[in-house]
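The values are calculated or read from the model by the stated rules, or taken from the named source; none is laboratory data. Predicted, not measured: the structure shown is a model, and the values here were computed from it. Note that we place each Cβ from the backbone using ideal geometry, even for glycine, and neighbour counts take in every protein chain shown.
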Amino acid sequence: MAGAALAIGGLPGYKHALRRAHRSGLNVRFQTIDPRRPETVPKLKSKSGAKKRFRATAGGKVRANHAFKRHNLRKRSTKMKRSTRRGFILSKSDSEIVKKFLPYL
């Protein structure tokens, strides 16, 4: 039923369909219908915070940066500062969550 509501992008009742989609938890953005391409599919939105924090490797895994590297570095050990220079690969369960936030990753 939600798919039928999403297909009416630029038609008069689109605000109602958008409200229903938002209430059901879908994260969509409506576009105006182009007469040259009548079957436009709504784009999925990405979480803007996740775009800044994660990126994909060539193998499809998710990379992230280490935490606790912004300030108060005097009290951190040299080993900790050295080991957090490079990013790390997220675990499988965490990467599944991030991939929901970034559908086009």
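Annotations for the structure displayed:
- Reported count of residues in the stretch 40-78, each being out of contact with any Leu (no Cβ under 6 Å at 6 or more places or on another chain) and in a loop (DSSP other than H, G, I, E, B), is 22.
- Within the stretch 47-81, being touching a residue at least 24 places away in the same chain (Cβ under 8 Å) and touching a Gly at 6+ places or on another chain (Cβ under 8 Å) holds for 63, 64.
- Residues satisfying the stated conditions in the stretch 52-105, i.e. surrounded by fewer than 10 Cβ atoms within 10 Å (Cβ to Cβ) and under 29 Å from residue 42 (Cα atoms): 52, 58, 59, 60, 92, 93, 104
- Among the residues listed as 32, 57, the single one being at pLDDT 65 or above and among the β-branched types (Val, Ile, Thr): 57
- Pair list, Cβ < 6 Å and 6+ apart or interchain, from the stretch 82-95 residues that are assigned to a helix (DSSP H, G or I) to residues that are hydrophobic (A, V, I, L, M, F, W, C): 95/62
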